[in-house]
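What follows is a single structure, written as structure tokens, with notes after it.
The values are calculated or read from the model by the stated rules, or taken from the named source; none is laboratory data. None of the values given here were measured: they were computed from a predicted structure. A quick note on method: Cβ atoms are made from the backbone with ideal geometry, for glycine too, and the neighbour counts reach across all protein chains shown. Remember, those area values only see protein heavy atoms, side chains included, never the ligands or the DNA or RNA. Shrake-Rupley method; radii C 1.70, N 1.55, O 1.52, S 1.80 Å.
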Amino acid sequence: MAINLQKGQREAISAPKFTIGLGWDTNTSSTGSAFDLDASVFIMGDNKKLLADEYFVFYNNTKSPDEAVEHTGDNLTGAGEGDDEQVKVDLSKISAQATEICIVVTIHEAAERRQNFGQVRNSFIRIFDSATNAEILKYELEEDFSIETAVEFGRIYKRNNEWKFEAVGVGMKGGLQDYLNKYN
């Protein structure tokens, strides 16, 4: 049975191999332009910085050098039920220097298209066991991000040799470059 988390709640992840599923629905009638939301993953060390540029995993760099994190591809529309984008994680392969995996979703060309997360609803992040497809945990973002164009959905972090997930749900007015500046 999956655990439904609230913002700020933390939960241990016992499965070494799992998939992160991210989903959302958009209100296309409000802007006239199609939405393109993108999931990105930052693999960081103790200093809260990327281990190296290659540890930024997104639609143009779909696999980390240690092959522990793999983005399954960019969904350009977000249409349909279930996960819109997925990231596969194998903690048995992750670099020994890695202590945090930050999961961010940004709106592609948000400023040009006049789009923000206030026009996005039913956003969620979930983690499920890759072998059994059993859902381990889920966090549904319920905040109204009326001006934010990027949201940190959650983070997976290592404490005392145990990996945990934290439901973050913090928005940022800016884009992917702002997160790159923050974590580089």
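Quick look at the values:
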{"read-out": "For Phe165: the one exception among (1) at pLDDT 95 or above; (2) open to solvent by 20 Å² or more (accessible area, probe 1.4 Å)", "value": "(2)"}
{"read-out": "Residues (in contact with a Phe, Trp or Tyr (Cβ under 8 Å, 6 or more places away or on another chain), open to solvent by 40 Å² or more (accessible area, probe 1.4 Å) and aliphatic (A, V, I, L, M)) located in the range 125-150", "value": "Ala134"}
{"read-out": "Number of positions in the range 63-91 that are at pLDDT below 90 and open to solvent by 20 Å² or more (accessible area, probe 1.4 Å)", "value": "10"}
{"read-out": "Test set (1) part of a strand (DSSP E or B); (2) among the polar types (S, T, N, Q); (3) on the phi < 0 side of the Ramachandran plot; (4) open to solvent by 70 Å² or more (accessible area, probe 1.4 Å) - Asn122 fails condition number", "value": "(3)"}
{"read-out": "Conditions (1) open to solvent by 30 Å² or more (accessible area, probe 1.4 Å); (2) closer than 20 Å to Ala12 by Cβ; number of the one not met by Ile94", "value": "(1)"}
